Amino acid sequence: MEEGARSCLLLSRSSLEQDIRASYLMDHMISDGVLTGDEEDRIRSKLTRREQATALLELLLRKDNQAYISFYNALVRESYGDLASLLHNSLPLVSPEAVLSEGGVPQRPVVFVSRSALVNRVREKLYRLQKEPGWVTVFGMAGSGKSVLAAEAVRDHALITGRCFPGGVHWLSIGQLDRADLLVRIQSLCFRLEQQSQEKDPSSSLHRPPGSLEEAKERLRFLMLRRYPRSLLVLDDIWDSSVLKAFDIQCRVLLTTRDRSLADCVSGSKSEVAVESGLEEDQALEILALYVNGKPQRLPEQARSIVRECKGSPLVVSLIGALLREFPDRWAYYLHTLQQKKFKRIRKSSSYDYDALDQAMAASIQVLSEEHRELYIDLTVLEQDVKVPAKVLSVLWDLELEEVEDVLQDFVNKSLLFRDCHHRPYLYYLHDLQLDFLTEMNRSGLESLHTKVVRQYQQRYSQGPPTSGDEECLYWFRFLTYHMAKANLTQELYSLMFSLDWVRTKAQIMGPAHLINDYVEYGAILDKEILDRLQTDFRLSVSNLVFEDEHEEQVNHCQFTNTRRRLLLATCSNDKFMNTKLWN
Ligand code: ADP
């Protein structure tokens with residue numbers, strides 16, 4: 001609780017103790033989620049009214065601004081107007097920025113235009129969630145600006161500090177994931193929520209991470225109901241209805257997706273907002289004008305054609321805008337670039353027209369220096385929807401951190417990469433479509449790109465895995481196995497996953513679910529590797545034995561080479577062994 005509010009409470013303490021009836025106030029505070037049932041019981045167990053009032057005030061002094069506000073509101077509602085007025089001047093302001101940042105809501109892109117009609121439509125649906133839980137679906141094509149729109153819609157003072165979502169807004173990026181990954185995501189969300197709630201109320205405890213999806217769902221249900229009542233959960237980029245079912249816990253959800261029908265599978269009230277795949281022409285021109293520091297009316301004639309060529313796609317307009325900022329004379333050239341249909345690669349079955357994106361990406365990559373281009377191509381190895389700190393790239397590129405930050409700044413300036421400034425250190429990520437483009441462009445070199453990651457990691461951490469527990473360390477524990485699998489380094493993957501050191505440290509730093517996730521994910525590779533190793537061991541032991549000629553007849557029908565047949569004969573003559581598949 002901030003200092004002013006605390007000292008006001010202390011100064012008014014005796015007046016409050018004299019008059020208030022704690023049992024009346026606590027009902028309101030519980031429904032605001034700032035007091036738990038246990039705490040209420042403890043206070044009720046005091047014998048006299050005054051003792052109960054003292055206990056409530058003592059507890060309140062250990063709580064946060066939200067609790068102070070809730071206590072104040074309870075006084076007003078229970079007609080203690082004179083007492084409420086003692087506290088009124090010190091009411092803390094809950095800053096919307098703090099709420100958004102705590103909930104992990106992404107910031108606006110550096111160059112941003114407001115799609116006010118759309119934003120208002122989403123807000124209007126969100127206001128309806130004030131009364132009851134439910135779902136608001138924002139749907140549209142990839143790159144149409146759904147995430148930016150969702151973040152903008154919740155950037156509304158009245159929504160988050162008023163009566164609508166007093167429990168805050170909690171953002172979760174989902175993307176394409178399987179059950180194991182989903183568990184990991186919900187675990188992180190629960191951890192974040194518990195940690196924040198513990199900071200506000202040190203008496204609440206942190207639990208061990210939930211071990212299964214069912215348990216995770218129950219934990220989240222509990223947290224949303226008890227600790228964060230009437231808060232909003234934003235699920236960004238959901239692909240699969242089974243993922244959505246994990247969040248079917250009677251809470252308030254805003255989700256972005258490409259699939260309009262996704263929310264059909266969950267219960268509760270539902271509404272939706274469609275996002276056109278492109279911006280209105282005026283808005284797209286405004287983005288270009290902002291990039292080149294000009295006025296939309298003064299843009300050259302090619303500007304409209306550029307917007308038309310990319311159908312107003314915000315992602316493509318941003319890429320071209322960033323190029324024009326650097327080369328303001330190239331309007332005609334970039335228009336011509338967009339009109340070329342050189343790249344015929346990506347998912348033409350999709351209703352989205354990717355041509356413009358391909359041309360824009362190619363043009364942006366082309367203007368990078370050769371050195372930076374190579375570094376950018378290395379980003380192909382990132383997994384979709386994963387954000388990385390600069391330190392990971394400093395290992396990958398073997399560059400000083402400051403140099404890496406300079407390179408990343410160049411990418412961010414060109415809209416080739418995005419930065420999440422909510423975290424310190426900053427985290428960097430690619431848009432899905434950019435990653436698709438890179439993957440297609442470098443398909444034949446993927447294995448060696450992943451091998452490079454593994455080798456660079458091994459070089460930096462030759463003495464053993466990192467143990468700092470920071471974002472970089474977490475990245476390696478989470479993704480080193482992924483890179484090894486993609487690099488086809490199965491023997492190294494096997495050794496790593498059966499190295500006690502790795503298993504112990506990973507379990508300590510990340511909890512068991514991540515470990516189990518790895519064994520589920522790479523089970524098939526490990527099985528094959530075990531089989532190969534058994535064969536090798538078997539062959540080795542067999543080759544040490546003496547060949548016994550008389551058994552040759554018995555194995556003649558087998559399709560083994562002579563040497564193998566002789567070796568096999570040397571070890572056994574029983575049928576069971578000869579039927580073994582190990583030798584095929
Ligand atoms: P989606 O979630 O639909 O895939 P995003 O919301 O991630 O799309 O937007 C893709 C990119 O388009 C953003 O990174 C940003 O560069 C640009 N963009 C989207 N909306 C806007 C906007 N309102 N103003 C400026 N740029 C935008």
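The values are calculated or read from the model by the stated rules, or taken from the named source; none is laboratory data. Being a predicted model, the structure only gives us computed values, none of them experimental. In this analysis, Cβ positions are derived from the backbone assuming ideal geometry, glycine residues included, and neighbour counts consider all displayed protein chains.
Of note:
- Note on the range 314-348: among residues that are closer than 16 Å to Leu285 by Cβ and either modelled with pLDDT under 90 or away from the ligand (no atom under 16 Å from the Cβ) (or both), the one that is surrounded by the fewest Cβ atoms within 10 Å (Cβ to Cβ) is Pro328.
- The range 270-281, residues that are within 11 Å of the ligand (Cβ to nearest atom) and of a type in the set (Val, Ile, Thr): Val275
- Helices (runs of 4 or more DSSP H) contained in the range 34-140 and holding at least 1 residues within 16 Å of the ligand (Cβ to nearest atom), of a type in the set (Lys, Arg) and in contact with a strand residue (DSSP E or B) (Cβ under 6 Å, 6 or more places away or on another chain): 116-127
- The listed residues are Leu25, Leu11, Leu16, Leu35, and the only one of them that is out of contact with any helix residue (DSSP H, G or I) (no Cβ under 7 Å at 6 or more places or on another chain) and among the aliphatic types (A, V, I, L, M) turns out to be Leu11.
- Among residues of the range 258-281, those that are among the hydroxyl-bearing types (Ser, Thr, Tyr) and assigned to a helix (DSSP H, G or I), counted: 1
Here's the yes/no breakdown for (1) of a type outside the set (Gly, Ala, Ser); (2) under 24 Å from the mean Cα position of the chain (by Cα):
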site	(1), (2)
Leu232	yes, yes
Lys245	yes, yes
Leu285	yes, no
Ala289	no, no
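- The requirement of being among the small types (Gly, Ala, Ser) and assigned to a helix (DSSP H, G or I) is satisfied by Ser444.
- Summed over the range 459-497, the residues that are within 20 Å of Tyr428 (Cβ to Cβ), part of a helix (DSSP H, G or I) and among the acidic types (Asp, Glu) give a count of 2.
- Number of the exception - Ala507 against (1) surrounded by fewer than 18 Cβ atoms within 10 Å (Cβ to Cβ); (2) outside any loop (DSSP other than H, G, I, E, B); (3) in contact with a Ser or Thr (Cβ under 9 Å, 6 or more places away or on another chain): (3)
- Residue in the range 161-188 that is nearest to the ligand (Cβ to nearest atom), counting only those that are out of contact with any Gly (no Cβ under 7 Å at 6 or more places or on another chain) and of a type in the set (Val, Ile, Thr): Ile174
- Lone qualifier among Ala158, Ala153 - being at pLDDT below 85 and under 26 Å from Ser95 (Cα atoms): Ala158
- Applying the criterion of being out of contact with any strand residue (DSSP E or B) (no Cβ under 7 Å at 6 or more places or on another chain) and β-branched (Val, Ile, Thr) to the residues of the range 395-453, the residue that is surrounded by the fewest Cβ atoms within 10 Å (Cβ to Cβ) is Thr439.
- Helices (runs of 4 or more DSSP H) completely within the range 356-424 that count 2 or more residues being within 25 Å of Val184 (Cα to Cα) and among the aliphatic types (A, V, I, L, M): 390-397
- Residues within the range 383-441 that are more than 15 Å from the ligand (Cβ to nearest atom) and within 21 Å of Ala356 (Cα to Cα), tallied: 4
- Residue selected from the range 300-313 under the condition crowded, with 20+ Cβ neighbours inside 10 Å and in a helix (DSSP H, G or I), by the criterion nearest to the ligand (Cβ to nearest atom): Val307
- Hey, Leu515 crowded, with 17+ Cβ neighbours inside 10 Å, on the phi < 0 side of the Ramachandran plot and without any contact (Cβ under 8 Å) to a residue 40 or more places away in the chain or not: yes
- In the range 221-268, residue surrounded by the most Cβ atoms within 10 Å (Cβ to Cβ) [restricted to those that are in contact with a helix residue (DSSP H, G or I) (Cβ under 6 Å, 6 or more places away or on another chain) and under 19 Å from Asp32 (Cα atoms)]: Arg252
- For the criterion of being within 9 Å of the ligand (Cβ to nearest atom), crowded, with 17+ Cβ neighbours inside 10 Å and in a helix (DSSP H, G or I), Leu149 passes.
- Residue match in the range 282-297 (condition: within 11 Å of the ligand (Cβ to nearest atom), in a helix (DSSP H, G or I), out of contact with any helix residue (DSSP H, G or I) (no Cβ under 8 Å at 6 or more places or on another chain) and under 21 Å from Gly140 (Cβ atoms)): yes
- Total residues in the range 162-189 satisfying the condition of being in a helix (DSSP H, G or I) and either basic (Lys, Arg) or in contact with a Ser or Thr (Cβ under 8 Å, 6 or more places away or on another chain) (or both): the figure is 3.
- Residue, farthest from the chain's Cα centre (by Cα), within the range 2-33, restricted to residues that are outside any helix (DSSP H, G or I) and not hydrophobic (A, V, I, L, M, F, W, C): Arg21
- Residues of the range 218-239 that are of a type outside the set (S, T, N, Q), outside any helix (DSSP H, G or I) and more than 16 Å from the ligand (Cβ to nearest atom): Tyr228, Pro229, Arg230, Leu232, Leu233.
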